[in-house]
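I have placed the structure first, in the form of structure tokens, so that the comments after it can refer back to it.
None of the figures in this text is laboratory data; all of them are computed from the coordinates on show. Everything numeric here is computed off the predicted structure, so don't read it as measured data. Please note: Cβ atoms are built from the backbone with ideal geometry, for glycine as well, and neighbour counts cover all protein chains shown.
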Amino acid sequence: MSATTIASPGYARRAAFRRLVGQEALLAVAIIGLAIVVGLINPRFLATRNLSDLLLGNAYIAIAAIGMSMVIISGNIDISVGALIGVLATISGSLAVAGAPIVIAWVVPILVGVAVMAAQGAIVAYLRIPSIVVTLGMLSILKGGLISVTGGKWITDLPQDFHLADLSLFGVPMPVIIMVLATVLAALWMRNSPSGRAIYATGGNPEAARLCGVNPQRTVLMVFALHGLFAGIASLVYATQLRVIQSTTPQGLELTIITAAVVGGVSILGGVGTVVGSTLAAILIAEITSALVFINVSPYWTDALRGALILATVIADILRRQRRAAQGWKR
Amino acid sequence: MSLGVETRAFRVSPWLKRHETLLALILLIALVGLGAFNDRFLTIDNLLDQGRFISEIGLIALPMTFIIITGGIDLSVGAIVGLCAIMLGYSWKNFGFPLPLAIAFALAVGALAGFVNGLVITRVKVPPLIMTIATLALYRGLAEGISQARSVRGYPEWFYFLGQGSVFGVPTQLLVLIVLIVIAGIALDRTTFGRTLYAIGANETAARFSALPVDRVKLIVYTLSGLASGLAAWVLVSRVTTTRMDMGAGYELDVIAAVVLGGASIFGGSGTIWGTVIGLVMIQLLKNGLALTGVKGDATIVVIGVALILSVLIASSLERRRD
């Protein structure tokens, strides 16, 4: 694969371009197509109320998937993010209920998110421990820590002005604004800035990246810190939507976020993918979950479907890469 | 190339021995310490009880040691436990299978689940980490979908022998585990199969060029992992008397922590069954000791998470100093 890139950068760039446009266009078509099909079966699916609930309720997954995409593109993985979002939401809610200024309740979780993820990034980058081990350990630390500290007690009586997600601007709800803004900014930054490109370089080939003057270790640390930032923002959108914060870790959330990133076209081998794709994929997954209800399929099948979706995408991605590599060798 | 592996094994093994001796020493100190701290801890009853709780994780930790030695990982084991538990209960209750057949069916499903992991990992070359994250979602999802969150109970009395009975005072499942530990230990140390695992983990390309059946061996270890998860599901259902779809959730953490704590390198190429057994015992003693001193179950997960990260940190810094 690297031989292809070296032999004909133009070819590789065109192929990558085709592939990216392909994945995003495919997702957009899938989102619209699915809406039409399910709408024909059950028109209530297309009710404005349902569609906006669908977007609002899942914006935080799309936001978290931005950071996850960066992590995976850099050649790493993180399975602690679901637990982290649970912890941050609890911190946020507890602060608000304890009477802290609302801005504090909004900002502190984001800072904590950055700190936790940066710590993990530092261990991965500088101590060279595989990210799966670090984040698996962190997952249990956060999960166990949260339950033993809170005892799983629910946080109720949140102050009225805590609910950032209830606000809207020009009629557009805040979660959607944040989701779109975060996606566009992250996409532009990753596409055009040197540090954004460094993520792709590091994930594609760390050694080559180093020779091109990219510091792979600093890049990985930066990626994890940014991932923490997006996880913090996601937890903010998530927590301020809820009337009751359950102070437990949302079950399987990390898998949904990883699925969104991978189905969005982020290659699990690193080096390829966009956050526009991951946001579209998050919307598609939410749409599928909601559609199941409207066509009378038990919601207990959701996880199996999500698993099948991620499996199919991963296998398709690898097969496509192998085929392209084979073509590259022939040229 | 075989020379390369041998020199490596030769170079690594004295350190490994030291690592295990060190672990055994820590274990001894922990035992004495916990015993001095709590007089209920060092009783035969308590220790045998702990043997009961160790078995499910232990059964899975054996093939996981193989997998980690090859440089792979299997995160789907907990989900396979859930799926097999559901298949056992569901096929007995809903298909009307006789219970022995239902058990065999559940074991077959476990082996198949592991085989699918291995097949895609070796044929399509999907990295094990990603493949087993995907099947973690898929297998757990199948358990949820098939069971529709309904639990199964009311198994006949004989079924509980494996999970609750004992032979000469030793818990049945502990005996099963001990037999399998011996078999796994011999297989890893004394057979071509076992040595091939080290060769793959040390240098997969070199192993291929030495005409070792790399793909077949990998396929076998992932299938064994699924089969062992099925066996663990059987033991678990028999012990707790009900089948629920969330069974085995989070097992991957305990299993991987035990193997890594036991000195297997997460990068592949090293690790022993004896190390894993010590790691296993340490984790259970930690849990039990903490529980006896009044720490709740949730806090013990924190300790295991810390232990996992620390053991890898220490192992890798020792390794770097050696280099």
Sparse-neighbourhood loop hits (chymotrypsin sites (Phe, Trp or Tyr not before Pro), segment A:239-319; DSSP loop; Cβ within 10 Å at most 10 others) -> none
Dividing the alpha-carbon radius of gyration of segment B:245-323 by 2.2 N^0.38 Å, where N counts its residues, gives 1.18
Among the DSSP H helices of chain A, those whose Cα atoms extend at least 30 Å along the helix axis and whose mean Kyte-Doolittle hydropathy is -1.0 or higher are A:9-41, A:48-73, A:102-126, A:216-239, A:302-330
A student asked for the Cα radius of gyration and Dmax of segment A:90-199 in angstrom ought to give 17.7, 48
Inter-chain shielding metric for B:72-80, i.e. average beta-carbon neighbours from other chains within 10 angstrom, reads 1
Rg from C-alpha atoms of segment A:258-299, normalised by the globular rule of thumb 2.2 N^0.38 Å, equals 1.36
Note on segment A:32-116: alpha-carbon gyration tensor, axes a ≥ b ≥ c; rule is a/c under 1.5 for rounded, else prolate if a/b larger than b/c, else oblate; result oblate
Result row for chain B, helices from DSSP H with C-alpha axial extent 20 Å or more and mean Kyte hydropathy at least 0.0, is B:2-37, B:44-69, B:77-93, B:99-119, B:128-147, B:172-190, B:214-240, B:273-292, B:297-322
Cα extents of chain B per principal axis, largest first, Å, are 57, 53, 34
In nm², the average projected area of the convex hull spanned by the Cα atoms of segment B:29-183 is 12.0
Trypsin sites (Lys or Arg not before Pro) in segment A:184-274 lying in a DSSP loop, each with at most 15 other Cβ atoms within 10 Å of its Cβ, come to A:R243
If one builds a Gaussian network model of chain A from Cα atoms under 10 Å apart, the most fluctuating residue listed among A:Q241, A:Q160, A:Q120 is A:Q160
Under Stokes-Einstein, segment B:201-247 at 10 °C and 1.306 mPa s, with its Kirkwood radius over C-alpha pairs, diffuses with a coefficient in µm²/s of 122
Counting other chain Cβ atoms within 10 Å of each Cβ in A:252-258 and taking the mean gives 3
Given all pairs of distinct Cα atoms, segment A:10-153 yields a Kirkwood Rh in Å of 18.5
Rounded to two decimals, the Debye log10 I(q)/I(0) of segment A:176-239 (Cα scatterers, no solvent) at q = 0.13 Å⁻¹ is -0.41
Per the helix-only model, chain B has a calculated mean residue ellipticity at 222 nm (DSSP H runs of ≥4, -39500 (n - 2.57) each, divided over all residues, rounded to the nearest 500) of -26000 deg cm²/dmol
Eigenvalues of the alpha-carbon gyration tensor of the protein assembly as shown, times 5 and square-rooted, give semi-axes in Å, largest first, of 38, 31, 26
In whole percents, the bins of 10 Å from zero upward hold the Cα-Cα pairs of segment A:271-331 as 18, 37, 26, 14, 5, 0
Dimensionless Rg/Rh of segment A:56-99, both radii on Cα and Rh by Kirkwood, sits at 1.10
Once normalised by the length of segment A:100-177, the mean sequence separation of its alpha carbon contacts under 8 Å that are 6 or more apart gives a contact order in percent of 20
Taking N as the residue count of segment B:51-107, its alpha carbon Rg divided by 2.2 N^0.38 Å gives 1.36
Mean projected area, convex hull of alpha-carbon positions in segment B:283-323, reported to one decimal in nm², is 3.0
What the Cα atoms of segment B:78-126 span along the principal axes, largest first and in whole Å, is 39, 17, 13
The orientation-averaged projected area of the Cα convex hull of segment B:195-286, in nm², is 6.9
Note on chain A: contact order normalised by length, alpha-carbon pairs under 8 Å, 6 or more apart, percent, works out to 34
Ordering B:96-103, A:266-273, B:163-170 by per-residue average of other C-beta atoms within 10 angstrom, highest first, gives A:266-273, B:96-103, B:163-170
At 37 °C and 0.692 mPa s, the Stokes-Einstein diffusion coefficient in µm²/s for segment A:201-331, with hydrodynamic radius from the Kirkwood sum on alpha carbon pairs, is 189
Long-range amide H partners of B:S166, meaning residues 5 or more apart or on another chain whose placed amide H is closer than 5 Å, are B:T172
Taking max minus min of the Cα coordinates of segment B:96-251 on each principal axis, largest first, gives extents in Å of 54, 41, 27
For segment A:162-200, listing chymotrypsin sites (Phe, Trp or Tyr not before Pro) in a DSSP loop whose Cβ sees at most 12 other Cβ atoms within 10 Å gives A:F170
Unit-weight point scatterers at every alpha-carbon of segment B:125-182, Debye formula, q = 0.13, 0.16 1/Å: log10 I(q)/I(0) is -0.68, -0.83
Gyration tensor on Cα atoms of chain A, a ≥ b ≥ c root eigenvalues, a/c under 1.5 rounded, else prolate if a/b beats b/c, else oblate, says oblate
